[in-house]
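The values are calculated or read from the model by the stated rules, or taken from the named source; none is laboratory data. None of the values given here were measured: they were computed from a predicted structure. Quick reminder, even Gly has a Cβ in these numbers, built from the backbone with ideal geometry, and neighbours come from all protein chains shown. These area figures cover heavy atoms from the full protein model, side chains too; ligands, DNA and RNA do not enter into them. Shrake-Rupley method; radii C 1.70, N 1.55, O 1.52, S 1.80 Å.
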Amino acid sequence: MNLSEGANKSKKELPNKSLLLAVFAACVGGTFQYGYNISVINAPTKYVQNFINQTWMQRYQTNISQGGLTLLWSTIVSMFTLGGLIGTSVGGTLSVKLGRRGTLLANNAFSLTAALLMGLSSTAGSFELLIIGRLLSGMNAGIALCVQPLYLGEIAPTALRGAMGMGTSVFITGGILTGQVMGLKEILGKEEYWPILLSTTCIPAFLQLLTLPWFPESPRYLLIDKGDEESCKKALRQLHGLADSGDALEDIEKEKNNLVGFQAKKPWELFSDRSLRWQLLTIILLNIAQQLNGINAIYFYADYVFGQSGIPMDKIPYATVGTGACECITALTCGMLIEYLGRKVLIMGGYVLMSICCVFFTLTLTFQDFSPVFPYLSMACVFAFILSFGLGPGGVTNILTTELFTQNTRPAAFMIAGSVNWLSFFLISMVFPFIVIGLQQYCFLVFLAVCSLVVTYIFFVVPETKNKTFVEIQNEFQSLKTNKFCSSDGAGTILLSTSI
């Protein structure tokens, strides 16, 4: 009897096959594209710059200045960030009007148009098409980063919400790794292939258009936003199986009853809602920290460290692929651990390990020339930092954004979190070169401070959300904050002392 119950429990903890396929369909055309477009632009850098110079010569019969070339290349690269910010700002609104699945499907229009423009840029002799294409790719990524975690969090059962939500991180790192591999000279890394390389972003878009229509809209969206109970039941049966759909429906109905009379909130309305201030502060700080924690600095120093370790220059791209594979494997590991260890342990553990890596990396870079051992220790620090990032901050941040809010505030929360993330991404892109020039290897002491402060904040403020419904998380968050900022009088009456 006990063995039978244990087997049934184990079976229940495994996701339905349809649920796994739905996660794949949502992610392959979603955050996979974000990761892919971040890394795929690196391989053809020199080739695209040559193309800009040749085009300029054909138009104006003179070579473009070095400053002008740098400006145009920086514009092509940074347009992705601007597009991401635009996409995030409209993603939440679209997810309410078109639904989560509907928005993801419509979002592929940006990706396909971007692929067409970038693929034709060389033939048309127009670097302007690259600029527009990168802008549209960024819009696609911004919408995907806003809406896909929403969809994953809402289709997953409570006990598997963290593991399914890790699909966002797994596919981002998978996209980065795929972009690095596609940019190798043996595949599409030769000069004549760069337009094809940039246009391959259409492949995941086509994959999503072929697969996602077979899976249902978010059950929570169907019942809470649309009031369509029959479609909700049908979606739950497909995603969770007949046996588990009843419990999921009961959970959704509880959340719906708690939100009777409430409409979906706009981002600016969240700032004026005192009951959400700590949740809002949490996602803002975590999304800022995700960009300012030093992961970009690690990738910046990676080539230098690999070169110092004796890796030939023409082999460094293969070592870089190794860093991408390392991050991808760690994201998968985090997905397997998150339902056992919990969100709080993983994200705190990740930041603690990153803090330690910052100290050791600063020391190994400082003493780089003292001993032939130090370059290898620096290389170990690179991989250790990437592993630590993927284990916690890289994957858990988006999951917490999903879990700390209810149905009527979640889309607006993702718009705020996404905007903060993209603005921080833009800021670090602009300021980071000057930080490195000014502080050199000591820049990691700045990142040490960021990581340490985030660990302290999470420890004192953020509750564990593992195996809890969205309503339970909201209630615990409120009671936790009330306990922190309340004091008891002699009669046991709770008196508010301060508020944020």
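Please verify whether ASN287 is in contact (Cβ under 8 Å) with a residue 12 or more places away in the chain, touching a Cys at 6+ places or on another chain (Cβ under 7 Å), surrounded by 15 or more Cβ atoms within 10 Å (Cβ to Cβ) and within 30 Å of ILE176 (Cβ to Cβ), treating the condition exactly as stated. Criteria not met by ASN287. Restricting attention to the range 73-101, the residues being touching a residue at least 24 places away in the same chain (Cβ under 8 Å) and open to solvent by 30 Å² or more (accessible area, probe 1.4 Å) number 14. Of all residues in the range 217-262, those satisfying the criterion of being open to solvent by less than 20 Å² (accessible area, probe 1.4 Å) and either among the hydroxyl-bearing types (Ser, Thr, Tyr) or not in a helix (DSSP H, G or I) (or both) are SER218, TYR221, GLY241, SER245. Considering (1) in contact with a Ser or Thr (Cβ under 9 Å, 6 or more places away or on another chain); (2) open to solvent by 50 Å² or more (accessible area, probe 1.4 Å); (3) within 30 Å of ALA319 (Cα to Cα), the lone condition that ALA205 does not fulfil carries the number (2).
Checked against the criterion of being open to solvent by 10 Å² or more (accessible area, probe 1.4 Å), assigned to a helix (DSSP H, G or I), among the polar types (S, T, N, Q) and at pLDDT below 95, the range 113-120 contains not a single residue that satisfies it. Does any residue of the range 334-348 turn out to be among the hydroxyl-bearing types (Ser, Thr, Tyr) and either under 21 Å from ILE172 (Cβ atoms) or touching a helix residue (DSSP H, G or I) at 6+ places or on another chain (Cβ under 9 Å) (or both)? No, that holds for no residue.
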